[in-house]
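First the structure, in the form of C-alpha cells, and then the observations on it.
The values are calculated or read from the model by the stated rules, or taken from the named source; none is laboratory data. If you're wondering where the values come from, they're calculated on a predicted model, not measured in any experiment. No Cβ is skipped: glycine too gets one built from the backbone with ideal geometry, and neighbour counts run over all protein chains shown.
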Amino acid sequence: MKIIMLGAPGAGKGTQADKICEKYSIPHISTGDIFRANIKNNTELGRKAKEYMDKGALVPDELVVDLVVDRIKADDCKNGYVLDGFPRTIPQAEALDNALVALNDKVDYAIDVEVPDENIINRMGGRRACVSCGATYHVVYSPTKEEGKCDKCGSELIIRDDDKPETVKNRLNVYHEQTQPLIDYYNGKGILNEVDGTMSMDDVFAAIIKIIGA
Ligand code: AP5
Ligand code: MG
C-alpha cells in the first residue's frame, strides 16, 4: 500500500503516518524528519536545508526529489510506504509520477488531513519532537509518560526551530501557495481522500482506516 499524506503544517500528517505505518508494518518516509536528522548530524544536505527550513520556506525541489526517489526503491518499500511531507510542489509530484511509471508502480491513496489555519498555531505551540526517532507529541493532546523524554527511544524532546508563531505563519502561506494545488492534482488522478483533521487523533485514524481498508 502506497500512501501520500497531504495537509497543512501541523495538520497531523506525521502523527497519522506513524499510526498507519505501525499498523501495516511499512516505512514512514518523512522528508522533514530526513532533513532534521541531517541538520542534527551537520551534513552538507542538513546545512543547505536549514537555511530554508528556518525561514519556513521550502527546500529546493532538486534537494528533495532524488532523495525520495532513491528511498522508495529500497527493499523495505516493496510492500508499501507512507510519504509524509512529499510531494509538496507540482514539480515534485510530477517527478514522483515519472519515477513510479519507470518502476511500473503507482500511489494508491493521497490522504488530505484538513485542519483550518486557526487551529494550527495552537497545535504547533504545544508540539514536542524527538530528533532521534522522529516521534511527535503534544503537551496537551499527546503527552509523553515522562516529561521531556521520548516514549519510544528515551531521547530528549525538542521544540522545533520552525514552530515559532512567525515561522508557522510563513509555512502556512507557503503551504497555501505551493502545496495546496496538489489537492486538485491528486483529485484529478482519482486517488484523493479527505479526512477531518480537527477530530481526536484516534478518530482521524479511524477515518483513514475506513478509506484504506482494515
Ligand atoms: P515537515 O517536517 O514536513 O513539516 P510540515 O509539513 O510543516 O508539517 P509538520 O511536521 O509541522 O506537521 P504534521 O502535519 O506532521 O503534524 P504533526 O503530526 O506533527 O517539513 C518541515 C520543513 O522541511 C518544511 O517547512 C520545508 O522547509 C522542509 N521540507 C520538508 N519536506 C519538503 C519537501 N518535500 N520539499 C521542500 N521542502 C521540504 O502534528 C502537529 C502537532 O499537533 C503535534 O504536536 C501533534 O501531537 C498534534 N496533533 C496531531 N493530530 C492532532 C489531533 N487530531 N488533535 C490534536 N492534536 C493533534
Ligand atoms: Mg510532520
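In region 33-54, the count of residues that are surrounded by fewer than 21 Cβ atoms within 10 Å (Cβ to Cβ), acidic (Asp, Glu) and more than 19 Å from ASP161 (Cβ to Cβ) is zero.
Any residue at all in region 64-81 that is in contact (Cβ under 8 Å) with a residue 24 or more places away in the chain, of a type outside the set (A, V, I, L, M) and within 6 Å of ligand 1 (Cβ to nearest atom)? Within region 64-81, not a single residue is in contact (Cβ under 8 Å) with a residue 24 or more places away in the chain, of a type outside the set (A, V, I, L, M) and within 6 Å of ligand 1 (Cβ to nearest atom).
Residues that are basic (Lys, Arg), touching a residue at least 60 places away in the same chain (Cβ under 8 Å) and not in a strand (DSSP E or B) occur at least once in region 55-62.
Checked against the criterion of being assigned to a helix (DSSP H, G or I) and farther than 21 Å from LEU83 by Cβ, region 177-197 has no qualifying residue. A count restricted to region 10-24 and to residues that are out of contact with any helix residue (DSSP H, G or I) (no Cβ under 8 Å at 6 or more places or on another chain) and either without any contact (Cβ under 8 Å) to a residue 12 or more places away in the chain or not hydroxyl-bearing (Ser, Thr, Tyr) (or both) stands at 5. The condition (being away from ligand 2 (no atom under 16 Å from the Cβ), crowded, with 17+ Cβ neighbours inside 10 Å and over 16 Å from the mean Cα position of the chain (by Cα)) is satisfied by just one residue among ALA93, ALA74, ALA99: ALA99. The set of residues in region 110-151 that are closer than 23 Å to MET1 by Cα and in contact with a Phe, Trp or Tyr (Cβ under 9 Å, 6 or more places away or on another chain) comprises ALA110, ASP112.
Of the residues examined, ILE121 is one that is surrounded by 14 or more Cβ atoms within 10 Å (Cβ to Cβ), closer than 26 Å to ALA207 by Cα and out of contact with any Cys (no Cβ under 6 Å at 6 or more places or on another chain). Restricting attention to region 29-42, the residues that are outside any helix (DSSP H, G or I) and within 10 Å of ligand 2 (Cβ to nearest atom) total 1. Inspect region 70-91 for any residue being within 17 Å of LEU182 (Cα to Cα), among the small types (Gly, Ala, Ser) and in a helix (DSSP H, G or I) and give the result as yes or no. No: zero hits.
Listed by first and then second residue, the pairs linking a residue in region 97-120 that is under 18 Å from GLY85 (Cβ atoms) and in a loop (DSSP other than H, G, I, E, B) to a residue that is modelled with pLDDT under 95 and of a type in the set (D, E, K, R), with Cβ atoms under 9 Å apart and 6 or more places separating them unless they lie on different chains, are VAL115/ARG123.
Of all residues in region 1-45, those that are among the hydroxyl-bearing types (Ser, Thr, Tyr) and more than 7 Å from ligand 1 (Cβ to nearest atom) total 3. Tallying residues that are within 16 Å of ligand 2 (Cβ to nearest atom) and either among the polar types (S, T, N, Q) or closer than 18 Å to MET201 by Cβ (or both) within region 138-158 yields 6.
On the stretch given as region 46-63, residues that are within 12 Å of ligand 1 (Cβ to nearest atom) and either of a type in the set (D, E, K, R) or over 28 Å from ASN173 (Cβ atoms) (or both) total 7.
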